[in-house]
């Protein structure tokens, strides 16, 4: 009778009454997986007992607790592998003193989390697009071909003339499907920048994958280091204007499944770019370590020595750090939601 | 040759009737084999899944899903409260109308809310919210015992108490008897309307591919026709107490089907922990369902019905509450529940049609003042006592 209304309610699970929890965590097992996996002991000293404890702890947890997604992404089908992409810098070709690249915009279905396909728009068939690298003051020439079904542009962050800015209505403006253009400008200022499509609707053109890192080295260069590029991105797979999947370099949990290998004591330089759409902020946090942070990479002195940095949309910076201990060290967005939706990884430190 | 032509001549007529069926089967076979020539699909696959039931165990959320759309669906990831969760599933691909079980490993906390998202291969999401999570009770002996006890409290006992009005009913004069019967019709009418409305709403929550609100009406019409058949069959038997027994039996059957739905609601509410078991609930149901006992004995007032038969009528009307509670607590499904509500409504409608002639006044009018007053009283009493059990 009237409790039929109740049945409907329970089906909708719209029961407003909330149970008081009598302290009984009947469900148990609510262990913070993130921290379980981190070998806290390591930092306290290199004593062999502590290291043995680390090994023991790792072994104890290798089979318990869920971390990441179920299954693996087929990198070969995607046509790019986050583990290669992370160290892939495209210096183009220098002809007559001008550094040149050719970039093709094309549609491509990519797997962003195991089994989950996304109809991406790409530069050169990969997301993020190639990491373009030049030296301060060089003349750059980018030939852009639109092989996609929508108008696109390439808009570079940097200092240049308006007609080379890659926005609709100025200079070449929108490049229609099948058409091409050439962007030409000087590599200034040095630092870490980005490029992305600037056609409207802007959020869609960026969120679908048309972006990449743009590195301008200072004239004197930077100290030798193991250099990595990490583009923090996300994917709105159900088109509800919020992301279902988050990552660095596109594939959710890629570096959880296969950690990034680095050498103990070696300088590691991370070019970190945030191109995330629909969320205002993103962040990077390293476990059991600290890093020097150079916002936008435009100064040679670090601004910060920290273990967590926040970046807004389009913000980027350079991180430099050394790993004092061998082992497996997590890094992830300290926005925990993003971390558990894919933006999480490990460094495997050897030597 | 002679024999063959004889066979042809004696070919049974039903074979001729089969011809269109055979042609249809062949046509379908060819059409499917050629993959629907000329009918290319436009647009992207429409992926729809309905979560029919969520069962919570410690550290695990068990979802029973059904493909509600036209295209097959592959669940590739499960997100719980903004985090990927580990899971296993009974099948990789769920075909149209197919069902699957998805077991999500998640350390849920009692009393908290959870948003479960099933992420499909195309990136589409199917959302299901669990509010005030509580462990689904194990269907062990103690649990069935508890459900049986609740069923007794809200179904069997109140109906039996209501039937104690029988001796008193036998003393009232014919005009007030009409009033009582009209009162019964009012009670039943309220139940029928409520069953249809609530069943329709519930059907809207279940998989639409299974029929949606049509299920309620199919259930109602089916039950009406089935009971009409039973009625005709009983009429055909020449029994001494035929009319009184028959009417009382049908009322008891209709109310029994209604109480099945009632038990279903109670059982499933208990299973997700949203039922406040206690005196208020039992008292409310007692008042509410006692009137049902009156409804059963009112048609039987004029003739003798043996005690054994009265007990049978009481059980027929009350015991389904126990059965409903068991089903509701262990295997609740919104579409099945919708059909049951429809059946309850149809059964009651048939009972009303049975009783209605007896409330005619001396002038043959159905809505004489006493009858109208009885109808209204029945509606009001049902509404008022219903307030006691609304949760």
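Read the figures in this text as sums done on the coordinates, not as results from a lab. Given the structure is predicted, the values throughout are model-derived calculations rather than measurements. Glycine also receives a Cβ, built like all others from the backbone with ideal geometry; neighbour counts cover every protein chain displayed.
What does the C-alpha gyration tensor say about the overall shape of the protein assembly as shown? Classify as rounded when a/c is under 1.5, otherwise prolate if a/b is larger than b/c, or oblate.
Prolate, because a/c is 1.5 or more and a/b exceeds b/c.
Report the FRET efficiency, 1/(1 + (r/R0)^6), for residue B:42 and residue B:127, where r is their Cβ-Cβ distance and R0 is 30 Å, rounded to 0.05.
Efficiency at R0 = 30 Å is approximately 0.65.
Is the stretch A:174-252 rounded, prolate or oblate when judged by the Cα gyration tensor, a ≥ b ≥ c being the square roots of its eigenvalues, rounded requiring a/c under 1.5 and prolate requiring a/b larger than b/c?
Oblate.
Based on the Kirkwood radius over alpha-carbon pairs, what value in µm²/s does the Stokes-Einstein equation return for the translational diffusion coefficient of the stretch B:141-389 at 10 °C and 1.306 mPa s?
88
On a 0 to 90 degree scale, rounded to 10, what angle separates helix B:320-330 from the longest Cα axis of chain B?
Relative to chain B, helix B:320-330 is tipped by roughly 20 degrees.
Quick one: angle between helix B:307-318 and the longest Cα principal axis of chain B, in degrees between 0 and 90, rounded to 10, please.
For B:307-318 against chain B, the angle is about 40 degrees.
For B:136, B:91, what ranking results if the residue with the fewest other Cβ atoms within 10 Å of its Cβ goes first?
B:91, B:136
Could you list log10 I(q)/I(0) for the stretch B:122-229 at q = 0.15, 0.16, 0.22 Å⁻¹, which the Debye formula gives when each Cα is one point scatterer?
Here the Debye-derived log intensity ratios amount to -1.10, -1.16, -1.21.
Based on the alpha carbons, how large is the Rg to Rh ratio for the stretch A:243-340 when Rh follows Kirkwood?
Ratio value, two decimals: 0.95.
Which whole-number percentage describes the relative contact order of chain B, with Cα contacts under 8 Å and a sequence gap of 6 or more?
It rounds to 22 percent for chain B.
How would A:208, A:219 line up from fewest to most surrounding beta-carbon atoms within 10 angstrom?
Ordered from fewest to most neighbouring Cβ atoms within 10 Å, A:208, A:219 come out as A:219, A:208.
Alpha carbon centre of the stretch B:15-93 versus the stretch A:239-312: separation in Å?
What the calculation gives is 40 Å, centre to centre.
How shielded is B:121-127 by partner chains, expressed as the average number of their Cβ atoms within 10 Å of its Cβ atoms?
5
Normalised by the number of residues in the stretch A:226-350, what is the relative contact order in percent for Cα pairs under 8 Å and 6+ residues apart?
Relative contact order of the stretch A:226-350: 32 percent.
Across the residues of A:237-243, average count of Cβ atoms on other protein chains within 10 Å?
For peptide A:237-243, the averaged partner shielding equals 3.
Just how many % of Cα pairs in the stretch A:88-147 lie over 16 Å apart, if you round to the nearest whole percent?
When every Cα pair of the stretch A:88-147 is considered, 52 percent fall beyond 16 Å.
For the stretch B:49-130, restrict the atom set to alpha-carbon positions and state the Rg and Dmax in Å.
Cα only, the stretch B:49-130: 11.9, 36 Å (Rg, Dmax).
Enter the Cα centre distance for the pair the stretch B:317-358 and the stretch A:108-172, rounded to the nearest angstrom.
Here the answer is 64 Å between Cα centres.
What translational D, rounded to a whole number of µm²/s, comes out for the stretch B:290-356 from Stokes-Einstein when the hydrodynamic radius is the Kirkwood one over Cα pairs, at 20 °C and 1.002 mPa s?
155
Describe numerically, in nm with one decimal, the distance between label points set 7 Å from Cα along Cα→Cβ at residue A:180 and at residue B:356.
According to this spin-label approximation, the distance is 8.2 nm.
Quick check: Cα centre of the stretch B:100-171 to Cα centre of the stretch B:177-253, how many Å?
Centre-to-centre (Cα) distance: 25 Å.
Could you work out how far apart the two model spin labels at residue A:200 and residue B:214 are, taking each label as a point 7 Å from the Cα in the direction of the beta carbon, and quote it in nm?
Distance between label points: 4.6 nm.
For a Förster distance of 30 Å, can you work out the FRET efficiency between the beta-carbons of residue B:113 and residue A:119, rounded to the nearest 0.05?
Efficiency, from the Cβ-Cβ distance: 0.40.
Assign one of three labels to the stretch B:76-176, namely rounded, prolate or oblate, based on the Cα gyration tensor with a ≥ b ≥ c the square roots of its eigenvalues; rounded applies when a/c is under 1.5, prolate when it is not and a/b is larger than b/c, and oblate otherwise.
Here the stretch B:76-176 falls in the prolate category.
By how many degrees, between 0 and 90 and to the nearest 10, does the Cα long axis of helix B:174-205 differ from the longest principal axis of chain B?
Computed tilt is about 10 degrees.
Using only DSSP helix segments of four residues or longer, with each worth -39500 (n - 2.57), what per-residue ellipticity at 222 nm results for chain B after dividing by its residue count and rounding to 500?
That calculation yields -19000 deg cm²/dmol at 222 nm.
Taking Cα pairs under 8 Å and at least six residues apart, what relative contact order does the stretch B:1-137 come out at, in percent?
Once normalised by length, the contact order is 20 percent.
Would you mind getting me the FRET efficiency between residue B:97 and residue A:161? Use the beta-carbon distance for r and R0 = 45 Å, nearest 0.05.
According to the calculation, E is roughly 0.15.
So how do B:340, B:117, A:344 line up by other beta-carbon neighbours within 10 Å, fewest first?
In order of increasing Cβ crowding within 10 Å: B:117, A:344, B:340.
What distance in nm lies between label points placed 7 Å from Cα along the C-beta direction at residue B:168 and residue B:23?
6.8
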